Amino acid sequence: MNRGDRRKLIYLDDNDRLCFLETLGQACEKTGWQVHAFCLMRNHFHLLVETPEPNLSAGMKWLLQTYSSRFNRRHEFFGHVFGGRYKAPLIDGRGAGYLRTASDYVHLNPIRARLIKDKQPLSSYRWSSYPLYLKRSRPSWLRVDRVLGECGISGDTAAGRRQFERVMEARRFEADGRRYKDLRRGWMFGSEAFRKELLEQAGKRLGPNHYGKERREIAEAGARQIIARTLRKERLSSEGLRLLSANHRIKVALALRLRRETTMDLKWIARELGIGSWKYLSNLLNREMHTLNRAQLAL
């Protein structure tokens with residue numbers, strides 16, 4: 001998803017929305033993307049996109065730049081249309097319901113934004129993929145089979161589309177957003193196994209554009225591996241480590257190593273090692289470093 005620069009409108013009229021969808025279709029032709037859901041709001045958009053090739057960054061760059069150029073040219077504007085980098089949490093699409101939940105989140109946006117009245121059907125909002133799900137004819141880049149399948153609908157038939165409409169009309173009462181908190185705030189949305197798999201794959205490939213939470217989770221995973229290896233070497237359990245005194249040699253050596261080899265802060269280290277106050281840990285490490293420096297000078 002992405003928002004307008006300073007949260008300004010990115011669509012001034014329906015022609016802008018049609019232009020965006022045309023540009024999205026062209027982006028899909030260039031990249032091979034498969035769109036499972038979309039929703040165009042007033043100052044932002046949501047896309048649920050599957051990328052068979054690793055080209056999300058290149059495709060989004062083309063989509064945003066091309067639409068911005070067309071928008072500015074049409075309205076005789078200048079400057080940025082979108083506010084910074086897009087947000088792109090990774091979705092676990094392996095049939096555990098996460099893809100369906102992400103699709104619901106996208107399709108129910110008009111209800112959360114009060115763009116549809118209580119008595120209006122969800123399909124009355126033109127600028128999302130949901131009305132297209134209910135039609136036989138739709139753009140070639142919009143893929144509906146996976147979301148329908150996760151809703152328990154066996155096929156893209158007239159009966160299946162009517163069933164999907166009943167399912168979504170029932171879910172409109174769940175549109176308050178509480179069940180979507182992890183999707184909105186996280187860098188990924190899926191099972192614990194999916195998260196661990198991504199952390200393993202991404203550990204050595206993160207660039208400056210990845211989210212802070214993603215980087216921190218990878219750093220935490222690395223730090224916990226160091227702790228686990230130390231526990232195995234010392235034949236200690238996690239509880240046994242916590243029972244050691246705050247200034248025990250194992251805790252001090254482990255804290256020094258975590259400070260040297262990871263980006264974890266003192267509060268995290270103190271909490272994980274059961275040392276207590278991070279200020280005490282800071283003083284402890286300063287004394288230890290002073291002792292080590294003196295020993296080196298003596299050598």
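The values are calculated or read from the model by the stated rules, or taken from the named source; none is laboratory data. This structure is a prediction, so every number in the text was calculated from the model and none was measured. Cβ placement follows ideal geometry from the backbone for every residue including glycine, while neighbour counts extend to all protein chains displayed. Only protein heavy atoms, including side chains, enter the accessible area calculation; ligands, DNA and RNA are left aside. Shrake-Rupley method; radii C 1.70, N 1.55, O 1.52, S 1.80 Å.
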Review point. Out of all the residues in region 121-129, is one or more aromatic (Phe, Trp, Tyr) and within 22 Å of the chain's Cα centre (by Cα)?
Key: no
Check your understanding: Do you know which of the residues in region 82-130 that are in contact (Cβ under 8 Å) with a residue 60 or more places away in the chain and of a type in the set (S, T, N, Q) is surrounded by the fewest Cβ atoms within 10 Å (Cβ to Cβ)?
Key -> THR101
Review point. All but one of (1) touching a residue at least 40 places away in the same chain (Cβ under 8 Å); (2) surrounded by fewer than 14 Cβ atoms within 10 Å (Cβ to Cβ); (3) over 24 Å from ASP182 (Cα atoms) hold for ARG70; which doesn't?
Key: (2)
Check your understanding: Of the residues that make up region 264-274, is at least one more than 30 Å from LYS87 (Cα to Cα), at pLDDT 90 or above, part of a helix (DSSP H, G or I) and open to solvent by 80 Å² or more (accessible area, probe 1.4 Å)?
Key -> yes
Review point. Do we have any residue at all in region 137-154 that's of a type in the set (Asp, Glu), touching a residue at least 12 places away in the same chain (Cβ under 8 Å) and under 23 Å from SER57 (Cβ atoms)?
Key: no
Practice item. Report whether or not ARG17 is modelled with pLDDT of 95 or more, within 28 Å of MET168 (Cα to Cα) and basic (Lys, Arg). Key: yes
**Study point:** Residues that are of a type in the set (Val, Ile, Thr) and open to solvent by 10 Å² or more (accessible area, probe 1.4 Å), drawn from region 22-40
**Key:** THR31
Practice item. With a cut-off of at least 1 residues that are modelled with pLDDT of 90 or more, at negative phi and of a type in the set (Ser, Thr, Tyr), name the helices (runs of 4 or more DSSP H) lying wholly within region 121-240. Key: 130-133, 212-234
Study note, to complete from the structure: Residue hits (region 41-65; of a type outside the set (D, E, K, R) and surrounded by fewer than 18 Cβ atoms within 10 Å (Cβ to Cβ)) are ASN43, THR51, PRO52, PRO54, ASN55, LEU56, SER57, ALA58, TRP62, GLN65
Study note, to complete from the structure: Note: among LYS279, LYS251, just one is open to solvent by less than 100 Å² (accessible area, probe 1.4 Å), of a type outside the set (A, V, I, L, M) and farther than 26 Å from GLU200 by Cα, namely LYS251
